[in-house]
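The values are calculated or read from the model by the stated rules, or taken from the named source; none is laboratory data. These numbers come from a predicted model, not from an experiment. Reconstructed Cβ throughout: ideal geometry from the backbone, glycine too, with neighbour counts over all protein chains shown. SASA here: full protein model, heavy atoms, side chains in, ligands and nucleic acids out. Shrake-Rupley method; radii C 1.70, N 1.55, O 1.52, S 1.80 Å.
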Amino acid sequence: MDNSAKHLLQRLVRRIPVSMLKSTLDKWERLTAEKRKSLDFTQSKWIITQELVALYITENPNQGMWHTFQLVEPEDDAHSVELMQFKELFKSHLRELQRNVSVKIKKHTDQAVWIRVAWGDGLSSPNHLKATYVVLYLQTPYVFVNALSSKHKPLLLQALTLSTRHQQIKAANLSGQKLTALRDLLMRQYQQVKLRVEKVQAEASANRHRMARETFGDGMLPALQSAVFKLETKFKGPTNEAMTQRDEPFICSVKFSSSNLLESLRHCASSGIASTPVTPMLSSIPLKGRNYFVITDNVLTA
C-alpha cells in the first residue's frame with residue numbers, strides 16, 4: 001500500500017460513520033474475519049486507520065519493495081532468544097537510539113514476527129502512515145524490511161543486531177516486491193544448509209560413540225574409582241628454557257578420580273568433551289586392566 005492509498009483510506013474512514021465502519025469493512029473483504037475481529041471500534045478513527053493499514057500490509061505483503069538482510073556472527077545464546085525477550089530488547093535498544101518512535105510487535109501463525117516502527121522527528125509525533133515494516137523468524141538469520149529510509153537504517157539494523165544477540169548484520173543482496181518469494185527462497189536455502197550441518201553433526205556423533213564403544217565396550221563398566229599416571233620424562237616446553245636444558249627427568253603424578261572413572265571417560269569420548277580416538281594413555285586402562293602407569297620418554301609402562 002503506497003502513501004496515496006494510505007491517505008485515501010484515511011479520508012474514507014473519516015467520512016464513514018463509526019456505527020457503519022464494521023459493516024463497511026465486512027463488505028470490503030480485504031481482511032480476514034479474524035483480523036476484523038481484532039479491531040477495536042471504540043477507538044478514534046485515526047487509530048483505526050493506523051490499524052487498518054498495518055492489517056492490510058500483513059495480510060497482503062506482496063507489495064512495496066522488500067529488502068533482505070542477514071544476521072551474522074551469532075553469540076552463544078542467540079539460538080535461545082524467545083519472543084518476549086526479543087520484544088523487550090528491541091524496544092529498549094531502539095528507544096535508546098531514537099526516543100520519538102512507536103513500536104508494535106506481533107507474532108503471526110506462520111511463526112513470522114512482524115514489527116511496525118513509526119518514526120518521529122524532533123517534536124513531531126511518530127508518523128504511522130509512513131511506518132517501516134520488519135519481518136523475521138527467530139532463530140533464523142534473515143530479516144525482511146519494507147519502507148526503511150537511509151536516515152533510520154543504521155538505527156533499525158543496530159537494534160535488530162543487538163536484540164537477536166548477533167555481532168553484525170549485512171545486506172543479503174536480495175530484494176523484490178513479493179515478500180513470500182524472498183522468504184521461500186532464503187528459507188529453503190537455510191533449511192538445506194541446516195540439514196547438511198545436522199547430517200555432518202550426526203555422523204560425527206555416531207563416529208564418537210563408535211570409537212568410545214570400541215575402547216570401553218558396551219553396557220555397564222566396572223566402577224573403577226581412580227587411575228594414576230606417573231611421569232618420568234624430559235621436560236619439553238619452549239617457554240621454560242631452564243627446565244628443557246635439564247638432563248634429569250621431570251617427575252610428577254596425574255590422578256584421575258571419579259565414582260565410575262571408566263564410565264566418565266566413555267561419556268567424555270562419546271559426547272565430544274574429550275577428543276577421539278581415545279589417547280593410548282586412557283585407552284590403556286581397560287585394554288591392559290590396570291590403573292597405575294609410569295610414563296617415560298615414548299614409553300608407557302605398568
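Looking at region 54-71 only, could you name the residues that are among the β-branched types (Val, Ile, Thr) and modelled with pLDDT under 95?
ILE57, THR58
Could you list all residues from region 1-46 that are of a type in the set (Lys, Arg) and over 23 Å from LYS130 (Cβ atoms)?
The answer is LYS22, LYS27, ARG36, LYS37.
Looking at SER257, SER275, SER283, SER271, which one is of a type in the set (Gly, Ala, Ser), open to solvent by 70 Å² or more (accessible area, probe 1.4 Å) and in contact with a helix residue (DSSP H, G or I) (Cβ under 9 Å, 6 or more places away or on another chain)?
Among SER257, SER275, SER283, SER271, only SER275 is of a type in the set (Gly, Ala, Ser), open to solvent by 70 Å² or more (accessible area, probe 1.4 Å) and in contact with a helix residue (DSSP H, G or I) (Cβ under 9 Å, 6 or more places away or on another chain).
How many residues, within region 7-23, are among the basic types (Lys, Arg) and touching a residue at least 24 places away in the same chain (Cβ under 8 Å)?
1
What residue, of GLU34, GLU29, GLU73, is among the charged types (D, E, K, R), farther than 23 Å from ALA118 by Cβ and in contact (Cβ under 8 Å) with a residue 40 or more places away in the chain?
Every option except GLU73 fails the conditions.
Restricting attention to region 1-23, which residues are open to solvent by less than 50 Å² (accessible area, probe 1.4 Å) and either assigned to a helix (DSSP H, G or I) or among the charged types (D, E, K, R) (or both)?
ALA5, LYS6, LEU9, GLN10, VAL13, LEU21
Can you find even one residue in region 176-185 that is free of Cβ contacts under 8 Å to residues at least 40 places away in the same chain and closer than 22 Å to TYR133 by Cα?
yes
Looking at region 72-86, which of its residues are surrounded by fewer than 18 Cβ atoms within 10 Å (Cβ to Cβ) and within 20 Å of TYR142 (Cβ to Cβ)?
VAL72, GLU73, PRO74, GLU75, ASP77, ALA78, HIS79, SER80, GLU82, LEU83, GLN85
Checking LYS288 against (1) open to solvent by less than 90 Å² (accessible area, probe 1.4 Å); (2) farther than 30 Å from ALA172 by Cβ, which single condition isn't satisfied?
(1)
Give region 117-131 a look and list any residue that's crowded, with 20+ Cβ neighbours inside 10 Å and assigned to a strand (DSSP E or B), or say none.
Within region 117-131, VAL117, TRP119 meet the criteria.
Tally time: how many residues in region 150-172 are surrounded by fewer than 17 Cβ atoms within 10 Å (Cβ to Cβ) and in contact (Cβ under 8 Å) with a residue 12 or more places away in the chain?
5
Being surrounded by fewer than 12 Cβ atoms within 10 Å (Cβ to Cβ) and either touching a residue at least 60 places away in the same chain (Cβ under 8 Å) or in the same structural domain as LEU129 (by the TED database) (or both), is that true of even one residue in region 89-104?
The answer is yes, given that some residue of region 89-104 is surrounded by fewer than 12 Cβ atoms within 10 Å (Cβ to Cβ) and either touching a residue at least 60 places away in the same chain (Cβ under 8 Å) or in the same structural domain as LEU129 (by the TED database) (or both).
Output the residues belonging to region 32-46 that are assigned to a helix (DSSP H, G or I) and open to solvent by 60 Å² or more (accessible area, probe 1.4 Å).
GLU34, LYS37, TRP46
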